[in-house]
């Protein structure tokens, strides 16, 4: 397969060309040359960009992602780092689920006014104290 123009890589990867140039500055990808003023990339860059996208979606920083590639450009994934990130995502998913359930309670709360609802007041106190996870408590009446 022939080298790909920066515009083609951007189109296939679903990122702007400016992102590709930035990734190149950060050492995440490398152009194999130029055709005129346009960067050219090996087709394998698409797989690398997919790994970068997966890492970003999982919450890894670009610096963390850079460490996931060996000097030869091949992925070098530390299984312990991946497991730790998965654990972090599990905690965040739990926090978001509790917050979702709290919002559902507030939306369906039978109290005439939210400030009269003991559950809503508890949620306010938890939010004010920074207890985003609300200590794993689910709002009554939610599933």
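If you line up the Cα atoms of region 1-91 on their principal axes, what length do they span on each, largest first, in Å?
Taking the Cα atoms of region 1-91, the three principal extents are 48, 24, 23 Å.
Can you give me the orientation-averaged projected area of the convex hull built on the Cα atoms of region 14-67, in nm²? Let's see the in-between values first.
Values: hull surface 15.1 nm².
If I average the Cα hull's projected area over directions, I get 3.8 nm².
Which FRET efficiency value, to the nearest 0.05, is calculated for residue 46 and residue 83 with the Förster distance at 22 angstrom and r the Cβ-Cβ distance? Before the final figure, lay out each step's value.
Numbers: r = 27 Å, r/R0 = 1.23.
For residue 46 and residue 83, the calculated efficiency is 0.25.
So if we plug the beta-carbon distance of residue 53 and residue 127 into 1/(1 + (r/R0)^6) with R0 = 41 Å, what FRET efficiency do we get, rounded to 0.05?
Values: r = 33 Å, r/R0 = 0.79.
Result of the calculation: an efficiency of 0.80.
For region 79-136, what is the convex hull (Cα atoms) projected area averaged across all directions, in square nanometres?
Details: hull surface 17.0 nm².
Dividing the Cα hull surface by four gives the mean projection, 4.3 nm².
Angle, helix 118-128 long axis vs. longest principal axis of the chain, Cα atoms, 0 to 90°, nearest 10?
Around 40 degrees separate the two axes.
Expressed as an acute angle from 0 to 90° and rounded to the nearest 10, what is the orientation of the C-alpha long axis of helix 79-108 relative to the principal long axis of the chain?
The answer is roughly 40 degrees.
Counting just the Cα atoms, what span does region 1-44 cover along each of its three principal axes? Round to the nearest Å and put the largest first.
24, 20, 19
Evaluate E = 1/(1 + (r/R0)^6) for residue 91 and residue 64, where r is the Cβ-Cβ distance and R0 equals 22 Å; express this FRET efficiency to the nearest 0.05. Kindly include the intermediate steps, with their values, before the conclusion.
Values: r = 18 Å, r/R0 = 0.80.
E(calc), rounded to 0.05, equals 0.80.
For region 16-61 and region 69-121, what is the separation of their Cα centres, given in Å?
The distance from the Cα centre of region 16-61 to that of region 69-121 comes to 30 Å.
Read-outs: derived from the displayed coordinates by stated rules, not from any lab. Model, not experiment: these values are computed from the prediction. Cβ atoms come from the backbone with ideal geometry, glycine included; neighbour counts cover every protein chain shown.
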